[in-house]
1. Give me a comma-separated list of calculated 3J(HN,Hα) values for region 190-197, in order, Karplus coefficients 6.51, -1.76, 1.60 applied at θ = phi - 60°, integers in Hz, x for any Gly or Pro.
2. Which net charge results when you count Lys and Arg as +1 and Asp and Glu as -1 among the other residues whose beta-carbon is under 12 Å from that of C43?
3. Starting at 0 and stepping by 10 Å, how many percent of the alpha carbon pairs of region 33-78 end up in each bin?
4. Per DSSP helix of 4 or more residues, -39500 (n - 2.57); summed, then divided by the residues of the chain. What does that give at 222 nm, rounded to the nearest 500?
5. Mind checking the full-extension length gain between N338 and L48? Use 0.36 nm per residue of separation minus the Cα-Cα distance, one decimal, nm.
6. Suppose R0 equals 51 Å; then what is the FRET efficiency for K254 and E375 from their Cβ-Cβ distance, rounded to the nearest 0.05?
7. Using only the C-alpha atoms of region 318-397, find the volume of their convex hull and express it per residue in Å³.
8. Each label point is 7 Å from the Cα along the Cα-to-Cβ direction; what then is the distance between the points at D269 and K170, in nm?
Amino acid sequence: MKHKHLLIISGRDTSLKYISHLPIKITMVQTFSRVTSFQKSLCSNMILVDDIKQSEREILLELRKIHEIDQFDAVISFLEFYLEFATKISRDLNILGNNIESVQICNDKYLMRQKLDQLGIPNIKYQKVTTIEDIVKFCKNNKYPCILKPKNGYGSIGVYKINSSNDLEKAFVWSKHSSDELIIEEFIEGDEYSIEGWMNEKGNHEILAITKKITSSEPYFIELGHTQPTNLSFIIENKIRNYTNKFYKGINNKIGPTHTEIKVLENNDVRFIEAHTRYGGDRIWELLLVTQGISIQNLVISSLFSFDITKYNPIAKYATILFLFSDKERNIVIEKTNEIISEPNLIAYELPRYTEVSKLEKSDDRFGYVICKGETEAKSLENAMKILRRIENSTREV
């Protein structure tokens, strides 16, 4: 029997690890800086370029040649930067892939907010802005505080909370440095969660897990950790399910994982923060594997080709990931690492012994992580905090 031919646009080794045993042939478009020996060993074809976005035309021409000889059956990307390119390839080669409009809506925070309005999903006040005068007008009409961020941003880059008129210039410079296209939104208080989901084999949106977020304080709100699963009331979970299902159906999302960031307000109302046609970053996919026994990569690819989904054994009821970060730029050494990694509740980690660290201003400034298990949501967080404190006590500046 002829193997199905899957085209993957970039990705990490984890994009391939959990599908390596499937009866498929893989062609991968990858950058020279990201390619690994593992990827080369697994893929039948590799198209390597310096910059995928700058090489889209040349890549497409090469893919057409391969397609004429050995037709692709589907195309997918798990990285935000290349989701739209994957949909263009799907349309050009007439193969299974996601819908370009759904990707564009999720990649653009202003379009996402407009779609929420169109679908009748509870929303917050928002506006596209280009000047400080636009920001001043919005803040006057809607009162402080407000959140300013790039319209097409990611990884907390360019996000700034405006508490008063004193913050306007600094916020504008900070956000504008990341992008010329900005969106301002009313700031809402509430606990933040992410919803891990996927478009199942019937084309319906399905929730796999709800994750509690831990973020830094204002003005940047950088994600410092996640706990999964989290315990919410039936009423709140039902609202989350109804809103997310309505949204992804409303944008005609076809295949792949979803990652939706929401806030739960004091009165138990739910509001969207962001929506994505990819799985969650920050190794949330690993929490899903640990607590649910689900590989999102395997789930999505297996369903595309109607294969049996691989089942993994969950190893914890609850799991928490916490990231390492610094409040200033410095060179550090982490000592006693062998003792730290022998902790019984530690599942996974990235713990550099010596590294140069930056002051925490964006997600990329984090420099390591620990994942810990626990019998309860609180216990998994407590275990991770305990190890984080041990790391802090074993860290010295050099």
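1. x, 6, 9, 9, 10, 10, 8, x
2. In short, +1.
3. Reading the bins upward from 0: 21, 54, 25.
4. Taking each H run of at least 4 residues, the total per residue is -9500 deg cm²/dmol.
5. On the way: separation 290, 0.36 × 290 = 104.40 nm, distance 3.81 nm.
Gain in length upon complete extension: 100.6 nm.
6. 0.85
7. Enclosed volume per residue, from the Cα hull, is 82 Å³.
8. My value for the distance between the label points is 3.0 nm.
FYI, it's all coordinate maths here, none of it is from the lab. In this text the structure is predicted, and so the values were computed from the model without any measurement. Using ideal geometry, Cβ is built from the backbone for each residue, glycine included, and neighbour counts are taken over all protein chains shown.
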